[in-house]
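Below is one structure, written out as structure tokens; the observations come after it.
The values are calculated or read from the model by the stated rules, or taken from the named source; none is laboratory data. Since we're looking at a predicted model, the values are computed, not measured. Please note: Cβ atoms are built from the backbone with ideal geometry, for glycine as well, and neighbour counts cover all protein chains shown. Note: areas computed on protein heavy atoms with side chains; ligands, DNA, RNA excluded. Shrake-Rupley method; radii C 1.70, N 1.55, O 1.52, S 1.80 Å.
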Amino acid sequence: MVKWIKVKNNTRIDINKIPIIEISDMRSEVKAFNLRPIGFFGKEWGFGCVRLFVILADDANADLYLSSSVFGNDVKSYESFTQEVPAFHIFEREFYEQFGIEPLHHPWLKPVRVNQDKYPFFEMEGEEVHQVAVGPIHAGVIEPGHFRFMCNGETVYHLEIMLGYQHRGVEDMMLKNPSNQLAESICGDSVIAYNTAYSQVMETLKAINISRKAQLIRKMALEMERIAVHIGDLGAISGDIAYLMGASVFGATRTLVINTTLEMCGSRLGRGFVTVGGVNYDPSEEVIDRAVETLNKVRTDVDRMVKTMLKNSTVMSRLEKTGTVSLEKAKDIGLVGMAARTCGVDLDSRFDFPDKWVEELGFTRKTMNLKGDVNARFKLRYKEIKESISMVKKILAKLKEYKNEPIIAEGVNNKLTPDSMVISIVEGWRGEVVHIAMTDLHGKMTRYKIKDPSFNNWYGLGLAVRNNGISDFPLCNKSFNLSYCGNDL
Amino acid sequence: MFDTLKSRIYQGSQFIKDIENAPMREQFRGFPKFNAGEDFSACKDVCPTGALSLEPLSIDMGKCTFCGACERVCKGIELTNGYKLASSSREKLVITPEVDYENYLKSAVEVREEIHKIFGRSIKFRQVSAGGCNGCEMELNACSNVNFDMGRYGIEFVASPRHADGIVITGPITENMAYALEDCYKSVPDPKVVVLCGACAISGGVFQESEKLNREFLEKYPIDLYIPGCPTHPLTFINAVLSFIKK
């Protein structure tokens, strides 16, 4: 009996071919497989039943494993997977919240996005133990979330993060009225990543092939987004260690990058750039030449500032050994993306699930030996900025070969292929953005599932601040720079 | 230290000197312009937020995300690089073919003597993101960077509502943030102002149809300034506040 099917990124999957197995079987399989989950979500399956879909990523072979299990209308619980594979913890919490099927013996079965007033915080007892509550509204101009620190004096024993304030019901809205504009507003700092994932899902469901030129422009825009946000984050980290020179210089350098994006598509954050069927804007040669010039300047500015900072002992003493997450813990809790890479977990879906351009343009994965602290997250950003700048330059040079190709596919139809599922993974600057869509036998979209990298990584921030001074929290937080709205949806 | 100084000298000065007349790149999508005599029927149904109406012909900048979908399919509409989009009245955000940019600027933000008297030299805001996607938040942060440097006009974001003269709301106001938002508003000492920043805050934007919003706050309390955009450009924001507090 087939227990799993092997599928690929951005490929149509026939829903009727997805196996249905017993939940207890699935649990033992998941444990034996030793692969990480990227999807674990339910869908109503008629007559009060719920079908649970599980997607595991085999990053070494660019494969995805997909299976499912059906809960009858009288089954309201199952033995939790988290006990065996901790990385499932947040997925099982979400599934419980959305469908009311309880993962038994889950170690921390708490709300993800709703019922915050009933949130059961961890409690610690002791004469000198005290709690510090922060949020939902924070001191800076950032999104809302509640943090609860269990402290002994200045030292944080544990941080609990309660989110959900940003919940807008995006997954339901995607079923009613999906659009590129909605997709790019889900998480406004990863506009290109979200919009590309959404567009790839729709293109697969509508059987549209986009031009090589459009593929390259999307790829370039994604790297531009990475460069801009990473530079902004270097500035924010500098600000949080009171190195204001860094904050000013990186802030100004970021402006150069996003203004280049504005020249390309009319929006500093890349809104309206990507669309189903291709891209909306075709950067002229003049704009491309100017972009290359700007990026060269950006590269010099960032180099100069980072090197100055890394030579400065007061800077280094704040970055090193602050907010460390060990490799072992990162693997256990299933960190993804940039945060995982800083701990030595080599996950990067640009290379794990490569498109044809990775080989053609000669992009290679370069790993760094990093220790999972703020310093690691600082240096990794620096490295990725340099790499992305060289990627963008290569892509821009390649674009000239496809001058006469269209940027948008002709005659885009509005019919979705029935009985299908599509999984689309895009490596945004934080990590993998996963969009999954399903259609029914009439070609109507019936489920839209989104997984932001922050969904996995918030717990990592909780671990990072353990045994650090509470005053280092802003620094740890900024070094992760996780998304509230990507998590809350 | 010498390296730091060298970096400083190398950077030079980068602030925008005349922020009220700062040039904007022509690619920017801002104030809408209607070209009379064109056929507008192709624009029907392309607007993702219902900002564009054909009968009568108008674009509601309070709903518009400036995505450019309408101008791409129809020659009759052009989103110009006019970036001073703010208004003190919700109705004025609805732009019809009769309203051109020059005229809009003259009357969009009502000059109030008492506002100038109290806040003319300094206005401090507490920012509340209530479901904001981090787009407007990032742009509001950019307002304080070395390029835009709105601090020089006495405009600043402060850490506590107790220190603030008003609040700037971004995001469509989710149910889960409704209480915190109202709490924050109540904590700001009187007299205070409320600014809505971005399409989501003004109208719900792309999230208008969401069932998880609670926008009662906007019915309960007076709104002083509407600043369109998706996200709001720093120049749009700073100029909006400047025109609000001027004489």
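Might you check whether a residue that is acidic (D, E), crowded, with 18+ Cβ neighbours inside 10 Å and in a loop (DSSP other than H, G, I, E, B) occurs anywhere in the stretch A:339-359?
Checked the stretch A:339-359: at least one residue is acidic (D, E), crowded, with 18+ Cβ neighbours inside 10 Å and in a loop (DSSP other than H, G, I, E, B).
Being more than 12 Å from every other protein chain (Cβ to nearest Cβ), surrounded by fewer than 24 Cβ atoms within 10 Å (Cβ to Cβ), within 18 Å of A:A221 (Cα to Cα) and of a type in the set (A, V, I, L, M, F, W, C) narrows it down to one of A:V287, A:V292, so name that one.
A:V292
Test A:G188 against the criterion of being closer than 23 Å to A:R299 by Cα and within 12 Å of chain B (Cβ to nearest Cβ), and give yes or no.
no
I'm checking my understanding of the structure. Among residues of the stretch A:29-78 that are farther than 18 Å from A:E102 by Cα and hydroxyl-bearing (S, T, Y), which one is nearest to the chain's Cα centre (by Cα)?
Ranking the qualifying residues of the stretch A:29-78, first place goes to A:Y65.
Output yes when any residue across the stretch A:251-259 is open to solvent by less than 20 Å² (accessible area, probe 1.4 Å), within 11 Å of chain B (Cβ to nearest Cβ) and not in a helix (DSSP H, G or I), and no when none is.
Within the stretch A:251-259 (the criterion being open to solvent by less than 20 Å² (accessible area, probe 1.4 Å), within 11 Å of chain B (Cβ to nearest Cβ) and not in a helix (DSSP H, G or I)), the answer is no, since none of the residues qualifies.
Please work out which one of (1) open to solvent by less than 30 Å² (accessible area, probe 1.4 Å); (2) within 11 Å of another protein chain (Cβ to nearest Cβ) is the condition B:I245 fails and give its number.
Exception for B:I245: condition (2).
Any residue in the stretch B:81-99 that is farther than 16 Å from B:G198 by Cα sitting within a Cβ distance under 8 Å of a residue that is surrounded by fewer than 15 Cβ atoms within 10 Å (Cβ to Cβ)? List the pairs, counting only those 6 or more apart or interchain.
B:N81/B:R25; B:N81/B:E26; B:T96/B:P56; B:P97/B:A36
Look through the stretch B:151-196, keep the residues that are closer than 27 Å to A:S185 by Cα and part of a loop (DSSP other than H, G, I, E, B), and return whichever of them is most open to solvent (accessible area, probe 1.4 Å).
The extreme case among them is B:A159.
Within the stretch A:115-136, restricting attention to residues that are open to solvent by less than 50 Å² (accessible area, probe 1.4 Å) and in a loop (DSSP other than H, G, I, E, B), which residue is farthest from the other protein chains (Cβ to nearest Cβ)?
A:G126
Where residues in the stretch B:131-140 are touching a helix residue (DSSP H, G or I) at 6+ places or on another chain (Cβ under 8 Å) and within 7 Å of chain A (Cβ to nearest Cβ), which of them is most open to solvent (accessible area, probe 1.4 Å)?
So the residue we want is B:M138.
Can you tell me which residues in the stretch B:22-47 are in contact with a Leu (Cβ under 9 Å, 6 or more places away or on another chain) and closer than 20 Å to A:R268 by Cα?
The answer is B:A22, B:M24, B:R25, B:Q27, B:F28, B:R29, B:G30, B:F31, B:P32.
Here's the yes/no breakdown for (1) in a loop (DSSP other than H, G, I, E, B); (2) at pLDDT 90 or above:
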{"position": "A:K383", "(1), (2)": "no, yes"}
{"position": "A:I389", "(1), (2)": "no, yes"}
{"position": "A:K398", "(1), (2)": "no, yes"}
{"position": "A:N404", "(1), (2)": "yes, no"}
{"position": "A:E410", "(1), (2)": "yes, no"}
{"position": "A:N414", "(1), (2)": "yes, no"}
{"position": "A:T417", "(1), (2)": "yes, yes"}
{"position": "A:W429", "(1), (2)": "yes, yes"}
{"position": "A:I436", "(1), (2)": "no, yes"}
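If I ask for residues that are closer than 20 Å to B:P231 by Cα and open to solvent by 20 Å² or more (accessible area, probe 1.4 Å), which ones from the stretch A:139-153 would you list?
Passing the criteria: A:G140, A:I142.
Return the total of residues in the stretch A:438-463 being in a loop (DSSP other than H, G, I, E, B) and surrounded by fewer than 22 Cβ atoms within 10 Å (Cβ to Cβ).
Count: 5.
Just checking: which of the helices (runs of 4 or more DSSP H) contained wholly in the stretch B:65-125 hold 3 or more residues that are crowded, with 19+ Cβ neighbours inside 10 Å and either within 14 Å of chain A (Cβ to nearest Cβ) or out of contact with any Lys or Arg (no Cβ under 6 Å at 6 or more places or on another chain) (or both)?
Where helices (runs of 4 or more DSSP H) fall fully within the stretch B:65-125 and carry at least 3 residues being crowded, with 19+ Cβ neighbours inside 10 Å and either within 14 Å of chain A (Cβ to nearest Cβ) or out of contact with any Lys or Arg (no Cβ under 6 Å at 6 or more places or on another chain) (or both), they are B:69-73.
Out of (1) open to solvent by less than 10 Å² (accessible area, probe 1.4 Å); (2) β-branched (V, I, T); (3) within 19 Å of the chain's Cα centre (by Cα), what's the single condition that is false for A:V156?
A:V156 satisfies all of (1) open to solvent by less than 10 Å² (accessible area, probe 1.4 Å); (2) β-branched (V, I, T); (3) within 19 Å of the chain's Cα centre (by Cα) except (3).
Which condition does A:I408 not pass, out of (1) surrounded by 16 or more Cβ atoms within 10 Å (Cβ to Cβ); (2) more than 24 Å from A:D301 (Cβ to Cβ); (3) within 21 Å of the chain's Cα centre (by Cα), if it passes all the others?
Among (1) surrounded by 16 or more Cβ atoms within 10 Å (Cβ to Cβ); (2) more than 24 Å from A:D301 (Cβ to Cβ); (3) within 21 Å of the chain's Cα centre (by Cα), the lone unmet condition for A:I408 is (3).
Please enumerate the residues belonging to the stretch B:54-64 that are without any contact (Cβ under 8 Å) to a residue 40 or more places away in the chain, buried (at least 16 other Cβ atoms within 10 Å of the Cβ) and more than 22 Å from A:T275 (Cβ to Cβ).
B:S58
Condition first: facing chain B (nearest Cβ under 9 Å), over 28 Å from A:S471 (Cβ atoms) and open to solvent by 10 Å² or more (accessible area, probe 1.4 Å). Can you find one or more residues in the stretch A:224-239 that meet it?
no
If you check A:G270, A:G278, A:G323, which single one turns out to be in contact (Cβ under 8 Å) with a residue 40 or more places away in the chain, open to solvent by less than 30 Å² (accessible area, probe 1.4 Å) and more than 23 Å from A:I192 (Cβ to Cβ)?
That would be A:G323, the only listed residue that is in contact (Cβ under 8 Å) with a residue 40 or more places away in the chain, open to solvent by less than 30 Å² (accessible area, probe 1.4 Å) and more than 23 Å from A:I192 (Cβ to Cβ).
Filter the stretch B:12-46 down to residues that are without any contact (Cβ under 8 Å) to a residue 12 or more places away in the chain and open to solvent by less than 70 Å² (accessible area, probe 1.4 Å), then give me how many there are.
Counting residues in the stretch B:12-46 that are without any contact (Cβ under 8 Å) to a residue 12 or more places away in the chain and open to solvent by less than 70 Å² (accessible area, probe 1.4 Å) gives 1.
All but one of (1) in contact (Cβ under 8 Å) with a residue 60 or more places away in the chain; (2) open to solvent by less than 70 Å² (accessible area, probe 1.4 Å); (3) farther than 23 Å from A:L234 by Cβ hold for A:K415; state the number of the condition that does not hold.
(2)
Go through (1) within 22 Å of B:D18 (Cβ to Cβ); (2) open to solvent by 20 Å² or more (accessible area, probe 1.4 Å); (3) not polar (S, T, N, Q) and name the single condition B:L218 misses.
Only one criterion in (1) within 22 Å of B:D18 (Cβ to Cβ); (2) open to solvent by 20 Å² or more (accessible area, probe 1.4 Å); (3) not polar (S, T, N, Q) is unmet by B:L218, namely (1).
I'm checking my understanding of the structure. Among residues of the stretch A:94-122 that are acidic (D, E) and touching a residue at least 24 places away in the same chain (Cβ under 8 Å), which one is nearest to A:F40 (Cα to Cα)?
Looking at the filtered set, the residue picked out is A:E94.
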